[in-house]
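Chemist: Structure provided below as structure tokens; questions to follow.
The values are calculated or read from the model by the stated rules, or taken from the named source; none is laboratory data. Here the structure is a predicted model, which is why all the values come from computation and not from measurement. Note that we place each Cβ from the backbone using ideal geometry, even for glycine, and neighbour counts take in every protein chain shown. Ligands, DNA and RNA are stripped out before the accessible areas are found, and what is left, the full protein with its side chains, is counted by its heavy atoms. Shrake-Rupley method; radii C 1.70, N 1.55, O 1.52, S 1.80 Å.
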Amino acid sequence: NLIRGIDVHNGLTSLIAETTSININGIEKEFDFLWMSSLTESTAKGKPDTELVDITSRLNTIRDVVDVSTKPIIFDADTGGKIEHFPYLINTLERVGISACIIEDKKGLKRNSLFGTDVEQFQEEIDDFCKKIETGKNAAINTDFMIIARIESLILEKGLEDAIKRAKAYVNSGADGIMIHSRQKSPQEIKDFCIEYQEIKNRPPLVVVPSSFSSIYECE
């Protein structure tokens, strides 16, 4: 089933997300989880979204969030950092109550995805990113902790075929979910990906962030 989350980046936004609900034809709807984006947290601090805000600072924000919310939290871990450091990040996130983290398949200086090809960005080699997923899964103490792999192929205009190829590889490496992103105003390339993704055996949940194509409806 579809579950919905919303971005939070401090205690106040978390409190809003925690208490917001609407009634549609007698059915109560609310946010099922919180999404801690590095973009909004960096922006709130007046910093660029380039992994400049370090984990120590972000841990303080996590504590502010868990103080006022009971909802599961998905943490935007950007690239996940160096593979040698990734296990320590996973264990730290587990200890402070994070339920899942998302890592994106980029390398080098991380730039915000909505810049697309307007700035220089590089995608990680498939084998190297698969190794990072496996390293993180092996490090996790809690088997319920999820590592979700974010695919940047559509952002970098490498096409649907590359995105699906990566999705299959990441699923086979143990990813607990796949996130597909797009900066197009239309959701069509995301829909195309979804159709292909349905064919992947034992596929885990799919995460979509409609930042740029916010015209899409939940029923779609």
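Chemist: Once the Cβ-Cβ distance between Ser57 and Asn142 is put in as r, and R0 is 25 Å, what FRET efficiency do you end up with, to the nearest 0.05? Kindly include the intermediate steps, with their values, before the conclusion.
Modeler: Numbers: r = 24 Å, r/R0 = 0.96.
My answer for the efficiency is 0.55.
Chemist: Report the gain in length on full extension from Asp32 to Glu220: 0.36 nm times residue separation, minus Cα-Cα distance, nm rounded to one decimal. Each step should come with its number before you reach the end.
Modeler: On the way: separation 188, 0.36 × 188 = 67.68 nm, distance 1.85 nm.
So the extension gain works out to 65.8 nm.
Chemist: For region 17-141, what is the charge dipole size about the Cα centre, in debye to the nearest 20, if Lys and Arg each add +1 at the Cβ and Asp and Glu each add -1 at the Cβ?
Modeler: Dipole about the Cα centre, nearest 20: 260 debye.
Chemist: In addition: Percent antiparallel among DSSP beta bridges with both residues in region 1-88, to the nearest 5? Don't skip to the end; give the middle numbers.
Modeler: Numbers: 4 of 10 bridges.
Within region 1-88, antiparallel bridges account for around 40 percent of the total.
Chemist: Can you give me the relative contact order of the chain as a percent, contacts being Cα pairs under 8 Å and 6 or more apart? Walk me through the numbers before you get to the answer.
Modeler: Details: 357 pairs, mean separation 31.7, N = 220.
Averaging sequence separation for qualifying contacts and normalising by length gives 14 percent for the chain.
Chemist: To continue, here is another question. What are the lysines whose alpha-carbon lies under 18 Å from the alpha-carbon of Lys191, with same-chain residues fewer than 8 places away excluded?
Modeler: List returned: Lys158, Lys165, Lys168.
Chemist: Sketch the reach of a paramagnetic label on Asn91 as a point 7 Å from Cα along Cα-to-Cβ, and name the residues of region 124-167 whose backbone nitrogen lies under 11 Å away.
Modeler: Zone members listed by number: 139-141.
Chemist: Taking the Cα centre as origin and putting +1 on Lys and Arg beta-carbons and -1 on Asp and Glu beta-carbons, what dipole magnitude results for the chain, to the nearest 20 debye?
Modeler: The calculation lands at about 160 debye.
Chemist: Using only helices, what value at 222 nm comes out for the chain when you add -39,500 (n - 2.57) per DSSP H run of length 4 or more and divide by the total residues, to the nearest 500 deg cm²/dmol? Could the numbers behind the result be given before it?
Modeler: Details: 7 runs with 77 residues, N = 220.
Theoretical 222 nm ellipticity from helices: -10500 deg cm²/dmol.
Chemist: Can you work out the FRET efficiency for the pair Glu161 and Asn23, with r the C-beta to C-beta distance and R0 = 41 Å, to the nearest 0.05? Display every interim value, and only then the final one.
Modeler: Working: r = 43 Å, r/R0 = 1.05.
So the FRET efficiency works out to roughly 0.40.
Chemist: In debye to the nearest 20, how big a dipole does region 143-220 give about its Cα centre with +1 on each Lys and Arg Cβ and -1 on each Asp and Glu Cβ?
Modeler: Numbers: 10 positive and 12 negative charges, 32 e Å.
With Lys and Arg at +1 and Asp and Glu at -1, about 160 debye.
Chemist: Same structure again: Sort Thr61, Thr70 from largest to smallest accessible area, using a 1.4 Å probe on the heavy atoms of the protein chains.
Modeler: Order by accessible area, largest first: Thr70, Thr61.
Chemist: Give me a comma-separated list of calculated 3J(HN,Hα) values for region 204-219, in order, Karplus coefficients 6.51, -1.76, 1.60 applied at θ = phi - 60°, integers in Hz, x for any Gly or Pro.
Modeler: x, x, 10, 10, 10, 10, x, 4, 9, 10, 6, 7, 6, 9, 4, 5
Chemist: Roll a 1.4 angstrom probe over the protein heavy atoms and tell me the percent of accessible area of the chain that is carbon or sulfur.
Modeler: 51
Chemist: Which order do Leu52, Leu93, Leu206 take by accessible area at a 1.4 Å probe, largest first? Walk me through the numbers before you get to the answer.
Modeler: Values: Leu52 100, Leu93 0, Leu206 55 Å².
If we order Leu52, Leu93, Leu206 from most to least accessible, we get Leu52, Leu206, Leu93.
Chemist: How much net charge surrounds Thr43 when only the other residues with a Cβ under 11 Å from the Cβ of Thr43 are counted, with Lys and Arg +1 and Asp and Glu -1?
Modeler: On the way: positive: Lys45, Lys47; negative: Asp7, Glu41, Asp49.
Summing Lys and Arg as +1 and Asp and Glu as -1 gives -1.
Chemist: Right, next: Put +1 on the Cβ of each Lys and Arg and -1 on the Cβ of each Asp and Glu in region 1-113; which of Ile55, Ser99, Ile6 then has its Cα farthest toward the positive end of the dipole?
Modeler: Ranked along the dipole, the leading option is Ile55.
Chemist: Once fully extended, how much extra length lies between Leu15 and Ile83, figured as 0.36 nm per residue of separation less the alpha-carbon to alpha-carbon distance? Walk me through the numbers before you get to the answer.
Modeler: Numbers: separation 68, 0.36 × 68 = 24.48 nm, distance 3.39 nm.
21.1 nm is the gain from fully extending Leu15 to Ile83.
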